[in-house]
Every structure is written in structure tokens, then in C-alpha cells.
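Taking it in order: structure first as C-alpha cells, then the write-up.
Where a number appears in this text, it was derived from the coordinates with a stated rule and is not lab data. If you're wondering where the values come from, they're calculated on a predicted model, not measured in any experiment. Using ideal geometry, Cβ is built from the backbone for each residue, glycine included, and neighbour counts are taken over all protein chains shown.
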Amino acid sequence: MVAVDDMNQRILKLLRMDGKMTYREIASKLRRSPSTVRDRIRRMEDHDVILGYAAIVNSEQMGMQADAIILANTSDGVTAKDLRKLQGIEGVVEVLLISGRKRVMIRLHALDNRAIDDIIANQLIPIGLEAVEVRIVLESVIRFPGI
């Protein structure tokens with residue numbers, strides 16, 4: 001296990017803002033040597049603190065104008081493994097098992113509200129979702145870019 005001390009927290013904050021920052025850029029901002037930053041990042045990668053790096057895509061630029069939160073329950077026998085299959089559905093951004101009366105939350109981006117309805121009816125319900133509630137996102141006040 002790697003310590004996530006103040007310096008590592010500061011490194012992680014910079015990487016969250018820009019995952020393409022170089023060791024040298026991070027070191028300059030933190031007034032540390034690039035080798036110190038490199039070693040800390042590698043240790044965090046080796047200990048699964050940093051799981052990977054990804055491109056952040058602007059969904060609106062990709063034509064996805066509708067954004068929804070889907071709350072649902074699952075039919076008997078549907079497992080988390082079954083829910084992982086949702087990653088293959090275009091527009092599914094996030095799937096969470098949550099507490100409360102609705103046990104599954106899905107974040108969905110689509111071309112428009114009609115496409116959201118189609119995805120729910122033709123792809124989500126058939127895998128075993130039931131008691132589906134849809135919340136259309138009107139505006140994002142704070143969220144991770146691209147989600």
C-alpha cells in the first residue's frame with residue numbers, strides 16, 4: 001500500500017485536471033524534482049492508486065445532446081457481472097450499484113430524448129432492469145469534464 005500523503009494528493013489533483021502533464025510540469029508546479037514526481041507517480045500506479053489515463057470526450061461535440069440519469073431495480077438473478085454488459089451500449093457512461101429503493105443508477109448520453117427512450121426500451125429493460133425511473137439532466141453545475 002502506498003501512502004497518499006499531501007504531496008501525492010497534490011500530484012493527483014494536477015493529474016485529474018490534466019492527465020497529460022509531464023513529470024517536469026508537475027515538478028515545476030510543486031517545486032520538486034522531476035525524478036521525485038516520477039517515482040511517486042510510478043509507485044501510485046504500481047499500487048493501483050492511479051488506475052490509468054483516459055481521453056475526456058466532450059459528448060456534446062459528438063452530437064450527444066441529451067443526458068439522463070436512469071434509476072432502476074433488477075430482476076431476480078441479475079448480477080453485477082450482467083450489469084457490466086451495459087458498457088457495450090453506446091451512450092452508457094456510468095453504472096453504479098447504489099443504496100435506496102432503486103439499486104442501480106445509469107448515466108446515459110444520447111442524441112436526443114427519443115434516443116434515450118429507445119435505449120431504455122430496447123437495451124436496458126431486456127437485460128433485466130425493472131421499475132425504471134428516468135431523470136433528464138437539465139444542467140450540469142459541477143461534473144468531471146466529458147461525463
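Net charge in the neighbourhood of T22 (other residues with Cβ under 12 Å of its Cβ; Lys, Arg +1, Asp, Glu -1) is +2. Per the Kirkwood formula applied to alpha carbons, the chain shows a radius of gyration over Rh ratio, Rg over Rh, of 1.08. Under 25 Å of direct C-alpha separation, and excluding same-chain neighbours fewer than eight residues apart, K29 reaches these lysines: K13, K20. Stokes-Einstein diffusion for segment 60-136 at 20 °C, viscosity 1.002 mPa s, with a Kirkwood radius from C-alpha pairs, works out to 172 µm²/s.
Partner aspartates and glutamates whose Cα lies under 16 Å from the Cα of K102, excluding those fewer than 8 positions away in the same chain, are identified as D76, E94, E130, E133. Projected label points at K85 and E133, each 7 Å from Cα along the beta carbon direction, are separated by 2.6 nanometres. In terms of the Cα gyration tensor, with a ≥ b ≥ c the square roots of its eigenvalues, is segment 1-87 rounded because a/c is under 1.5, prolate because a/b exceeds b/c, or oblate? Taking the square roots of the gyration eigenvalues as a ≥ b ≥ c, segment 1-87 is oblate. Return the whole-Å distance between the Cα centroid of segment 36-74 and the Cα centroid of segment 96-147. Using only Cα atoms, the two centres lie 18 Å from each other. Only Cα pairs under 8 Å and 6+ residues apart enter the sum, and on that basis the relative contact order of the chain stands at 25 percent.
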